[in-house]
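K.L.:
Before we start, here is the structure in question, set down as structure tokens.
The values are calculated or read from the model by the stated rules, or taken from the named source; none is laboratory data. All figures in this text were calculated on a predicted structure; none of them were measured in a lab. Cβ sites come from the backbone with ideal geometry, for glycine too, and all protein chains shown count toward neighbours. Remember, those area values only see protein heavy atoms, side chains included, never the ligands or the DNA or RNA. Shrake-Rupley method; radii C 1.70, N 1.55, O 1.52, S 1.80 Å.
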Protein chains: 2
Amino acid sequence: MKKWNAPELRDVCFADSFFAPRQERTRFVTIPAAIARCRETGRWDAFKLRWKPGMPDQPHMYWDSDVAKVLEGIANLLAVKRDGALEAEADRLIDDIVSAQEPSGYLNVYFTLVHPEERWSRLYDGHELYCAGHLIEAAVAYFEATGKRKLLDALCRYVDLIAALFGRAPGQKRGYPGHPELELALIRLYRITRNEKHLALARYFIEERGMSPAYFHTENPKVNLLNLLADRPLREMKEATGHAVRAVYLYRGAAEVAAETGDSELLSVCGRLFDNMTGRRMYVTGGIGSGPWGETFTHDFDLPNQYGYAESCAAMGLAAFASCMLNLTGEEHYAGILERVLYNGALSGISISGDKFFYSNQLEAGASMYEFGHIQRRRSSWFSTSCCPTSYCRFLSGLARFFHSWAEDAIRIHIPAAAMVNLPPGALKIESDYPWDGQVKITVLRGGNFLLGVRMPDAVEVRLNGKVLQGKRDSGYWSAAREWKAGDCLEYILPMPVEVIRCNPKVSCCAGRIVLKRGPVIYCIEECDNGVIPSRLAIPVDQNFRLKKMQIGNMDGIVAVTGEAECLRLPVNDALYYTEAAHAEKIGFIAVPYAFWGNREEGAMSVWIREKSKK
Amino acid sequence: MKKWNAPELRDVCFADSFFAPRQERTRFVTIPAAIARCRETGRWDAFKLRWKPGMPDQPHMYWDSDVAKVLEGIANLLAVKRDGALEAEADRLIDDIVSAQEPSGYLNVYFTLVHPEERWSRLYDGHELYCAGHLIEAAVAYFEATGKRKLLDALCRYVDLIAALFGRAPGQKRGYPGHPELELALIRLYRITRNEKHLALARYFIEERGMSPAYFHTENPKVNLLNLLADRPLREMKEATGHAVRAVYLYRGAAEVAAETGDSELLSVCGRLFDNMTGRRMYVTGGIGSGPWGETFTHDFDLPNQYGYAESCAAMGLAAFASCMLNLTGEEHYAGILERVLYNGALSGISISGDKFFYSNQLEAGASMYEFGHIQRRRSSWFSTSCCPTSYCRFLSGLARFFHSWAEDAIRIHIPAAAMVNLPPGALKIESDYPWDGQVKITVLRGGNFLLGVRMPDAVEVRLNGKVLQGKRDSGYWSAAREWKAGDCLEYILPMPVEVIRCNPKVSCCAGRIVLKRGPVIYCIEECDNGVIPSRLAIPVDQNFRLKKMQIGNMDGIVAVTGEAECLRLPVNDALYYTEAAHAEKIGFIAVPYAFWGNREEGAMSVWIREKSKK
């Protein structure tokens, strides 16, 4: 069923000014920092099983996953570039992990050391199968990067144990993961092993989830099934509900199962859930899961700017789900959402420096914002539930999967970030200053007879070696099938106007407000650039916005948008309420990419700005 | 120190169309319903001490206060009008309460039946001293209404026990209430008993609170001292912080202590906290405590409309604190806040029918609003923590304390609601349709030589028996001292324009929005009147707003405000985001008093409406 393949990590080398520096910092800052935090907190060495009751640093039930995600990040780095010291570090960790495995195949630090008596008894919140999934993803990535099978084999033994325990045969438990993840991990494993048991187990988990009577209620009658996406079978779901990270992991797991089984009904369920999620419940930045209580999806059009949640992990999960759907269907709207998330809501959670994080990505923050739990206006270097920092380790090191796709005789470029791309049908060099500029040049490095598809608006003209080349226009992609020769040079210019985005007024906090967008980049206004809090500003849209190059932290070449705004005067004595007419004065404003907010002095920020209506 | 006295409840009889019907429903609906809910849930009979471990309906640590507040409401009713059956019901309850008292004087159901071993060991959250305070208030009210001393004497014995336990003498605990309430109750008791120990204990609690080392940390090192208003001594506080109900109860307790001790420094601290609370942290409706997590004050200008908290009990507590400060200082701005709260944020928490409640009073609600905990868009008839419904029992039956003040030779009218007022210096009949109309006629029923002060803007002309009477104008009050004769008739007309209120743009959700206000009434827009959700509307302020009489539930004579608005069209396919220009069409709108929202079919509501800027 799968139409398109994602590139191998080693086959894409970014040369753009947006992601390439972030990837470099992932290697030199983010992953080393995560290893250090994992060591300090006891996570890294937990697999040595030295912890005993009464000792500090009691392992938590999701520690295994934190370490696994960092290991997956390391594997991603090693897939691109050998690094003996890093590989030796990973090998030592893997020795520890495998040494923690019981003869039965069982492998989980928390349920071995802390509460062994609770093993397999609290799937709903125990993260036991979730940890197994992340260990599998790490094992697969490490095998793909290094060819080493030790961790992979250990995880296969663990999967044998899980497959024997769970299922519909007599004596088996009819359970499934409280936090989905294992489903998609099993498909990644299956693609290596081609062991049908691995596919069958993933499929069982997807199909069994939400069946009546509710399995989680046998564990704890008070469990909120909606939040756990277990209130009904996936096939009956019509809206994105529940815990947002659980949701996107589940949907992607289902899509991956559909890819392997050819189940088009299941795929269409995934498409329906994707459409509700992105068309009714997604922030303009690509953030999802607006509910600050429980990190959940809430209702259509409930997208509060301040106190909205939009967990970093959920955005990264949405990118992966969108990419999966894009490769399964080839439909351009998945690429649009993928690009939206990548350049905005998924990146905002990590500082430019690579070692400070937001767990929650609200669209408005300010001095008067009340910080509670993960809703913060300052980035943190770690969290006690540190899923987001460890997710960045694997996400940023794995970005190369998202920008291009290939099939036997075809290549597709979804996002024209500057990169060298070496895919089975051919190799290309993409030159651009995307997302800051729309001029793109694609040079064929290794030719061949293949279809080359490039995502662009229909009106964009493409030139091959200087002459217009009429390609096929097919719902968002230009494409041409021909014998490409090394040195062939394709050029086109994407229009990059500053766009004004408006929101459905059902989102009450956004009614009458606008967002500035240019290319894939969503802009916000930060107090530190403007000297005033953004809520004082109203932007007239009938003006010629200007562009300005600027540097934030050690990212330079950033394109800011500038223009004129009206700035409300503060009332006399800073009164809370007043009856006088509102006075405003003209000032210039600077808007910066949302992905880079919160990297300078603390201050107010807003994505949605009031529109100054026309005279 | 006290300048002014509040009237006795029996001395004010409302005849207005706003509060008089509510008071009637308090007698016939709210209090009977609260008694019924207290019975159903086991609260009412809990003092019989029949509960044993393993039985259902385990008493909760604040049950005593719920029952005490209903009893105080009954006492308020009996103070105005004898009712043999109701008094017999109260007497039976009082017999139960007193029978639950131990020989030592101790009196608390939860710490007698459920966790006797925790007695006096968790002041920080045990509500033990809080319950004592509410029992004292009920006892005082019942004594004042009926002259019966049984409960009062029992509570005096309990206070003897508490006074022996707590204090700075050797062997005493240096604790104080986790939830303030006992402080102000002790002053009410002191005003009956004139027992100096009662005043001294209240003063001790006020002075000791927040001293270092923190007493609550001896009970539990993890206690959040800020939320409990115990992070510093009250005299050092500069901002309204912590749990909003605790805060206003504490401040009022301190003000009542200052009233009795003449401590002007303490009074000025209370004034400073009042000013921060109302000038930086109060909703335009008079709601306070915007933090949905912990029912707390947060920061200056943090007043989210949706998901704001504004607990009903906090608004009622603010009214009582404002009234206390008004009588202590005579300063008009306390009357302004008192009136603001009474007609808006304190009343919004109870349905017109008198038996449905909001715990939290957000300023914006809609179909897309995510309900969580007490943040709801539908009223409930009860809550497991049912402080708000029981607070209404005593608050609405005790409203007569808030509208007028008197001194030896003076009467002040703060709010000209229609009423018969019989105060020591004289008796008056106030005729008006306030708050719907500004025409006021005050007829002297019993004359005398006294100063009559009436709150009004300086420009308002006052006529005595048809002729202009030049009175003294003193910061918000007109006044005249003379020999008033029965039949003297004072008339004036308060201007009642529809006012447009704007908000400091530091409150980001309110920037560019307006509120309509007329007299003391804050208006909101409900979907059910307008056929569209309020976030689609923008109101041009350069128009002549019109008034319209209407009925909601069984309240008639309500004055609605109508006018023209622009209504944003919904985007094609109800798209979440769009780039087309926003199209709006003119429609008429109806705005209704915020206090009456949520009494009809469910739908969206908003207080703050976008301002359509002038052409």
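K.L.:
Of a type in the set (Phe, Trp, Tyr) and open to solvent by 30 Å² or more (accessible area, probe 1.4 Å): which single residue out of B:Tyr204, B:Tyr215, B:Tyr251 fits that description?
P.N.:
B:Tyr215 is the lone residue from the list that is of a type in the set (Phe, Trp, Tyr) and open to solvent by 30 Å² or more (accessible area, probe 1.4 Å).
K.L.:
Shifting gears a bit: Taking the stated definitions as given, is B:Val515 open to solvent by less than 20 Å² (accessible area, probe 1.4 Å), more than 19 Å from B:Phe18 (Cα to Cα) and either in a loop (DSSP other than H, G, I, E, B) or not aromatic (Phe, Trp, Tyr) (or both)?
P.N.:
When the stated conditions are applied, B:Val515 passes them.
K.L.:
Can you name every residue in the range B:394-428 that is free of Cβ contacts under 8 Å to residues at least 60 places away in the same chain and within 19 Å of B:Lys81 (Cβ to Cβ)?
P.N.:
B:Ala427
K.L.:
Right, next: Return the residues of the range A:572-605 that are within 12 Å of chain B (Cβ to nearest Cβ), farther than 12 Å from A:Asn530 by Cα and touching an Asp or Glu at 6+ places or on another chain (Cβ under 7 Å); say none if nothing qualifies.
P.N.:
Passing the criteria: A:Thr579, A:Ala584.
K.L.:
Do we have A:Ala240 as within 15 Å of A:Ile187 (Cβ to Cβ) and in contact (Cβ under 8 Å) with a residue 24 or more places away in the chain here?
P.N.:
Spelling it out, it is not the case that A:Ala240 is within 15 Å of A:Ile187 (Cβ to Cβ) and in contact (Cβ under 8 Å) with a residue 24 or more places away in the chain.
K.L.:
Show the residue pairs that are 6+ apart or on different chains and have beta-carbon atoms under 8 Å apart, the first residue being within the range A:313-331 and farther than 15 Å from A:Ser405 by Cα, the second being buried (at least 24 other Cβ atoms within 10 Å of the Cβ) and basic (Lys, Arg).
P.N.:
As it stands, the answer is A:Gly317/A:Arg252, since those pairs meet every condition given.
K.L.:
Something else now. For residues in the range B:5-58 being open to solvent by 30 Å² or more (accessible area, probe 1.4 Å) and in contact with a Gly (Cβ under 6 Å, 6 or more places away or on another chain), which is nearest to B:Cys131 (Cα to Cα)?
P.N.:
Here the residue is B:Asp57.
K.L.:
Do we find that A:Val521 is in contact (Cβ under 8 Å) with a residue 12 or more places away in the chain, out of contact with any helix residue (DSSP H, G or I) (no Cβ under 7 Å at 6 or more places or on another chain) and surrounded by 15 or more Cβ atoms within 10 Å (Cβ to Cβ) in this structure?
P.N.:
no
K.L.:
Taking the range B:572-615 only, how many residues are open to solvent by 10 Å² or more (accessible area, probe 1.4 Å) and among the hydroxyl-bearing types (Ser, Thr, Tyr)?
P.N.:
4
K.L.:
OK, next. Identify, please: which residue in the range B:524-533 is at negative phi and open to solvent by 10 Å² or more (accessible area, probe 1.4 Å) and is, among those, nearest to the other protein chains (Cβ to nearest Cβ)?
P.N.:
Ranking the candidates gives B:Ile533 first.
K.L.:
Now for a different question. If you check B:Asn305, B:Asn227, which single one turns out to be within 14 Å of chain A (Cβ to nearest Cβ) and open to solvent by 10 Å² or more (accessible area, probe 1.4 Å)?
P.N.:
B:Asn227
K.L.:
Being under 19 Å from the mean Cα position of the chain (by Cα) and either assigned to a loop (DSSP other than H, G, I, E, B) or farther than 24 Å from B:Asp263 by Cα (or both) is the filter here, so list the residues in the range B:1-15 that pass it.
P.N.:
B:Ala6, B:Pro7, B:Glu8, B:Leu9, B:Val12, B:Phe14, listed by residue number.
K.L.:
If B:Tyr251 satisfies every condition in (1) within 13 Å of chain A (Cβ to nearest Cβ); (2) aromatic (Phe, Trp, Tyr); (3) assigned to a helix (DSSP H, G or I) but one, which is the exception?
P.N.:
(1) is the only condition that B:Tyr251 fails.
K.L.:
Just for the range B:310-342: of the residues that are open to solvent by 10 Å² or more (accessible area, probe 1.4 Å) and in a loop (DSSP other than H, G, I, E, B), which one is nearest to the other protein chains (Cβ to nearest Cβ)?
P.N.:
Among them, the one singled out is B:Glu331.
K.L.:
When residues of the range B:349-380 are filtered for being within 14 Å of chain A (Cβ to nearest Cβ), part of a loop (DSSP other than H, G, I, E, B) and under 24 Å from B:Leu537 (Cβ atoms), how many remain?
P.N.:
The qualifying residues number 10.
K.L.:
I need the full set of residues from the range B:34-52 which are more than 30 Å from the chain's Cα centre (by Cα) and without any contact (Cβ under 8 Å) to a residue 24 or more places away in the chain, in order please.
P.N.:
Passing the criteria: only B:Arg50.
K.L.:
Something else now. Count, please, the residues in the range B:235-248 that happen to be assigned to a helix (DSSP H, G or I) and open to solvent by 10 Å² or more (accessible area, probe 1.4 Å).
P.N.:
Summing the residues that are assigned to a helix (DSSP H, G or I) and open to solvent by 10 Å² or more (accessible area, probe 1.4 Å) in the range B:235-248 gives 3.
K.L.:
Ok, one more. Restricting the range A:262-292 to residues that are within 15 Å of the chain's Cα centre (by Cα) and in a helix (DSSP H, G or I), which is nearest to the other protein chains (Cβ to nearest Cβ)?
P.N.:
A:Thr278
K.L.:
What number of residues within the range A:495-512 are more than 7 Å from chain B (Cβ to nearest Cβ) and either touching a helix residue (DSSP H, G or I) at 6+ places or on another chain (Cβ under 7 Å) or open to solvent by less than 20 Å² (accessible area, probe 1.4 Å) (or both)?
P.N.:
The total comes to 2.
K.L.:
Another question, if that's okay. Pairs needed: first member in the range B:288-312, of a type in the set (Asp, Glu); second member anywhere, in a loop (DSSP other than H, G, I, E, B); C-beta distance under 6 Å; at least 6 residues apart or different chains.
P.N.:
From the range B:288-312, the pairs are B:Glu295/B:Gly289; B:Glu295/B:Tyr309; B:Asp302/A:Ser368; B:Asp302/A:Tyr370; B:Asp302/B:Ser290; B:Glu311/B:Gly289; B:Glu311/B:Glu295.
K.L.:
Output yes when any residue across the range A:389-405 is in a strand (DSSP E or B), open to solvent by less than 30 Å² (accessible area, probe 1.4 Å), more than 29 Å from A:Tyr307 (Cα to Cα) and of a type outside the set (Gly, Ala, Ser), and no when none is.
P.N.:
Checked against the condition, which is being in a strand (DSSP E or B), open to solvent by less than 30 Å² (accessible area, probe 1.4 Å), more than 29 Å from A:Tyr307 (Cα to Cα) and of a type outside the set (Gly, Ala, Ser), the range A:389-405 yields at least one hit.
K.L.:
A follow-up question, please. In the set B:Gly133, B:Gly178, B:Gly171, B:Gly126, which member is surrounded by fewer than 23 Cβ atoms within 10 Å (Cβ to Cβ) and of a type outside the set (S, T, N, Q)?
P.N.:
Of the residues listed, the single one that is surrounded by fewer than 23 Cβ atoms within 10 Å (Cβ to Cβ) and of a type outside the set (S, T, N, Q) is B:Gly171.
K.L.:
Checking A:Asp556 against (1) more than 9 Å from every other protein chain (Cβ to nearest Cβ); (2) in contact with a strand residue (DSSP E or B) (Cβ under 6 Å, 6 or more places away or on another chain); (3) of a type in the set (D, E, K, R), only one condition comes out false. Which one?
P.N.:
In the conditions (1) more than 9 Å from every other protein chain (Cβ to nearest Cβ); (2) in contact with a strand residue (DSSP E or B) (Cβ under 6 Å, 6 or more places away or on another chain); (3) of a type in the set (D, E, K, R), A:Asp556 misses (2) alone.
K.L.:
Next question. Within the range B:102-109, does at least one residue satisfy the condition of being open to solvent by 20 Å² or more (accessible area, probe 1.4 Å) and among the aliphatic types (A, V, I, L, M)?
P.N.:
No, because not a single residue in the range B:102-109 is open to solvent by 20 Å² or more (accessible area, probe 1.4 Å) and among the aliphatic types (A, V, I, L, M).
K.L.:
Looking only at the range B:355-381, count every residue that is within 18 Å of A:Thr296 (Cα to Cα) and polar (S, T, N, Q) and tell me the total.
P.N.:
Adding up the residues that qualify gives 2.
K.L.:
Quick one: which of B:Arg546, B:Arg536, B:Arg569 is surrounded by fewer than 17 Cβ atoms within 10 Å (Cβ to Cβ) and within 17 Å of A:Ile514 (Cβ to Cβ)?
P.N.:
B:Arg569 is the lone residue from the list that is surrounded by fewer than 17 Cβ atoms within 10 Å (Cβ to Cβ) and within 17 Å of A:Ile514 (Cβ to Cβ).
K.L.:
Report yes if some residue within the range A:474-492 is of a type outside the set (Val, Ile, Thr), outside the structural domain of A:Ala565 (by TED's automatic domain parsing), under 27 Å from the mean Cα position of the chain (by Cα) and open to solvent by less than 10 Å² (accessible area, probe 1.4 Å); otherwise report no.
P.N.:
yes
K.L.:
For B:Ala85, indicate whether it is in contact with a strand residue (DSSP E or B) (Cβ under 7 Å, 6 or more places away or on another chain) and surrounded by fewer than 17 Cβ atoms within 10 Å (Cβ to Cβ).
P.N.:
no
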